[in-house]
Amino acid sequence: MTPALELEASLYRALHRGRPGDVDFYRRAATGAESVLELGAGWGRVLTALDAELPRAVGLERSPALAAMARADGLDVREGDMRAFDLGERFDRVFIPYGGVYCLLTEEDLVGALRCARRHLMPDGLLVFDAWSADAFHAEAEAWDEQLFEAVDEVEVNGERFSVSERTRWRKPQQRLDVSYRFTPTAGGESFHDELPQRYLLTDELPRLLERADLELLVIHGGFDQHVHDEESEQLVVTAQRPA
């Protein structure tokens, strides 16, 4: 693995630290389960907590560098694409935390991932995923062209500090946000760039999309405290079931 890929993975890990309460939520969502599959497991931020409590916790991750980080910590994380995979086994729960569903950039990609999730669920097994709630954002009148970079954070990787800047292009008809990150060493040196394209979902799309994958929508919450989702909600937390 090249040093550039390792640095990219390390910077991603340092910047994307999850949302308050998400790990505890997924631990609760795993109550009563014997096995869990996490899609988009990354370096194992959520899977670590699940692995400590469940007999079987498996992750799937597309990035070889992130998957290698997880395996180095003793986690069972396989390399693969959530749009099309077959692990040859079924699980009581399938989780897609931290907006992983927004990394699927077409409806067909999303439905493909949902169908794969269904095939890997036991009868009556649960699919749970979360993302930021886009309904109010999408209702804004105008999209915008690509912004200028704006400072958003500062992170440390291998003893070196980086200033993090972000810019975003919003293509409203496609529900696309193309996010670019620039990591600049604070001590000087060449910047590193990373891209994170997203396609967000609207709440009223969910029943149709889940039905296409033969999954039954059970509930949509507006946060990890499991309050009812409404137009003020900042989070979208979805639970669906594979019918028996």
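Here are the numbers for the structure shown:
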item: Gain upon complete extension [Arg17, Trp132; 0.36 nm per residue less C-alpha separation]; result: 40.0 nm
item: Ratio Rg/Rh, restricted to region 161-244 and using Cα atoms, in which Rh is the Kirkwood radius; result: 1.15
item: Hydrodynamic radius (Kirkwood) for region 1-76, which is based on Cα pairs only, to one decimal in Å; result: 12.9 Å
item: Counted charge near Ala68, where neighbours are those whose Cβ lies closer than 11 Å (Asp, Glu -1; Lys, Arg +1); result: -3
item: Average projection area in nm² (convex hull over Cα atoms of the chain, one quarter of hull surface); result: 13.6 nm²
item: Distance from region 211-244 to region 6-28 (C-alpha centre basis), Å; result: 21 Å
item: Separation in nanometres of the label points that stand 7 Å from Cα toward Cβ, at Val179 and Ala72; result: 2.4 nm
item: Dipole magnitude of the chain about its Cα centre (Cβ charges: Lys, Arg +1; Asp, Glu -1), debye to nearest 20; result: 620 debye
item: For the chain, share of DSSP beta bridges that run antiparallel, in % to the nearest 5; result: 70 percent
item: The chain: calculated mean residue ellipticity at 222 nm from DSSP helix runs of at least 4, using -39500 (n - 2.57); result: -7000 deg cm²/dmol
item: Rg to Rh quotient for region 138-199, alpha carbon positions, Kirkwood Rh; result: 1.09
item: Summed side-chain charge close to Arg176 - residues other than Arg176 whose Cβ falls under 11 Å, Lys, Arg +1, Asp, Glu -1; result: +3
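Values in this text are rule-based calculations from the coordinates and carry no lab data. A quick note: this is a predicted structure, and the numbers were derived from the prediction, not measured. In this analysis, Cβ positions are derived from the backbone assuming ideal geometry, glycine residues included, and neighbour counts consider all displayed protein chains.
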